[in-house]
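Take a look at the structure below.
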Amino acid sequence: MNTASPVDDARAANAFALKLYAREAKAKKGGGNVLVSGTSLRQALGVAYLGAHGDTAREMAMALELPADAKVAAATAKADLAAWQSARGQAELVVANRLWTDKSLALQPEFVATATAAYGAAPEAVDFKGGAEPARKTINAWVAKTTNDKIQELLAAGTLDETTRAVVTNAVYFKGRWPMPFPKTATKPEAFHVAAGKTSTVPMMHATESHRLAEVSGTKVLEMRYDTSEVAMLVVLPAAATGLAKLEESLSADTFASWTQALKHQRVAVTLPKFTFRGGGVMTPTLQDLGMKTAFTNKADFAGIAEPRGTDRIQISHVVQQTYIAVDENGTEAAAATAAVMSTTGMPIGEPAQFKADRPFLFFLYDVKRGRVLFAGRVTDPK
């Protein structure tokens, strides 16, 4: 079966991830830290896309930057999951999908076979009609286990009810160590310039090591690889403390590629804050803004998942995502979980370069080999 080329799919996936990030960042009134996983969202909705027809499929493909042919999308998704596992090295990286369906829902055999083969999303029958709350707890327990308990309550109480027919979940978990940990004795409280004229005292880590570094139009870009892994953290630092908004306006797949292509190995004195925070929320408005509209209405066509029975048609009622990240002297731990709820309508010689992240910055966890983004976020205040 044909697949999109790895380069083309990586660019398409990044285009979606960065559009998603831009809208979530803009929607966060008053600023604040942001963390999203386009990979997690694209995986979960990609399963539903396999059973979409007509305008529903067309809009999903456009919004999610997926191939127009669902069979090509399926083959590409399978290759993508394999590539993430190849990239992890000795780091921990799990990208898992699961399809939860009401026991009364008669799934199309072709959809089941394709979703299982492409996404590993084998269907599991639950009783949404007679026990939505126990079903919710079962789904949350799977997410918690898959994310090493970093996301324990993806679906809040009352999220599911007797009209729920299917829930597609994706969970991403990553834990990687720096090849050389930041010395804990060098970590000390320092000023972080939250905004013009405003600082916050936060624990800053210090280390001088060989990394890949670039400066593109005044923006400093630092890549820190995780030990024995193709996954790395990319930290993008604007020239001025007030430059983050302008940097975000220029964010695109091409911009991201220009940063990574400019990277060169050199000795770098890194100053980076420790930080831990959670992100995410309801993704429905963002997806609608990206053009995925019909899937959320009673005109949705997911007949490829299950044939409609009378007025009992499937549509996506809402999409939620939760994220988590912690960066310290030893490395990074990150997690994301997404649920799409479907209901009835019803080291070189010389002086080291300086990279001091003492002001708001962007960061990405990405696959160095393919250039594909796993997480995208910003830190405006490490506290």
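The values are calculated or read from the model by the stated rules, or taken from the named source; none is laboratory data. The structure presented is a predicted model; accordingly, all values stated were derived computationally and were not measured. Glycine gets a Cβ as well: all are built from the backbone with ideal geometry, and neighbour counts include every protein chain shown.
Residue check: is Glu307 modelled with pLDDT under 95, loosely packed, with under 15 Cβ neighbours inside 10 Å and within 30 Å of Phe111 (Cβ to Cβ)?
Taking the combined requirement at face value, the residue satisfies it.
Exactly one residue out of Thr185, Thr199, Thr208, Thr169 is part of a helix (DSSP H, G or I) and either among the polar types (S, T, N, Q) or over 30 Å from Ala239 (Cα atoms) (or both), and it is Thr185.
This table checks each residue for (1) at pLDDT 95 or above; (2) over 30 Å from Ala257 (Cβ atoms); (3) surrounded by 14 or more Cβ atoms within 10 Å (Cβ to Cβ).
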| residue | (1), (2), (3) |
| --- | --- |
| Gly131 | yes, yes, yes |
| Thr146 | yes, yes, yes |
| Ala186 | yes, yes, no |
| Glu223 | yes, no, yes |
| Asp227 | yes, no, yes |
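Taking the criterion of being crowded, with 17+ Cβ neighbours inside 10 Å and outside any loop (DSSP other than H, G, I, E, B), the residues of region 272-286 that qualify are Leu272, Pro273, Phe275, Phe277, Gly279, Gly280, Thr284, Thr286. In region 229-256, the qualifying residues are those that are surrounded by fewer than 17 Cβ atoms within 10 Å (Cβ to Cβ), part of a loop (DSSP other than H, G, I, E, B) and not hydrophobic (A, V, I, L, M, F, W, C), and the one that is modelled with the lowest pLDDT is Thr242. Of the residues making up region 136-159, those that are assigned to a loop (DSSP other than H, G, I, E, B) and more than 24 Å from Phe277 (Cα to Cα) number 1. Could you tell me whether Leu41 is surrounded by 23 or more Cβ atoms within 10 Å (Cβ to Cβ), within 10 Å of the chain's Cα centre (by Cα) and on the phi < 0 side of the Ramachandran plot? Yes, satisfied. Within region 81-135, the residues that satisfy the criterion of being in a strand (DSSP E or B) and more than 18 Å from the chain's Cα centre (by Cα) are Leu99, Trp100, Thr101, Asp102, Leu107, Pro123, Glu124, Ala125, Val126. Could you check Val194 against (1) farther than 10 Å from Glu329 by Cα; (2) hydrophobic (A, V, I, L, M, F, W, C); (3) not in a strand (DSSP E or B) and say which number it fails? Looking at each condition in turn, Val194 falls short on (3). If the condition is being among the β-branched types (Val, Ile, Thr) and either buried (at least 16 other Cβ atoms within 10 Å of the Cβ) or in contact with a helix residue (DSSP H, G or I) (Cβ under 6 Å, 6 or more places away or on another chain) (or both), then region 109-129 contributes Val112, Thr114, Val126. Is one or more of the residues making up region 156-167 under 24 Å from the mean Cα position of the chain (by Cα) and surrounded by fewer than 16 Cβ atoms within 10 Å (Cβ to Cβ)? Scanning region 156-167, I find at least one residue that is under 24 Å from the mean Cα position of the chain (by Cα) and surrounded by fewer than 16 Cβ atoms within 10 Å (Cβ to Cβ), so the answer is yes. Scanning region 359-383 for residues being acidic (Asp, Glu) and crowded, with 20+ Cβ neighbours inside 10 Å gives a total of 1.
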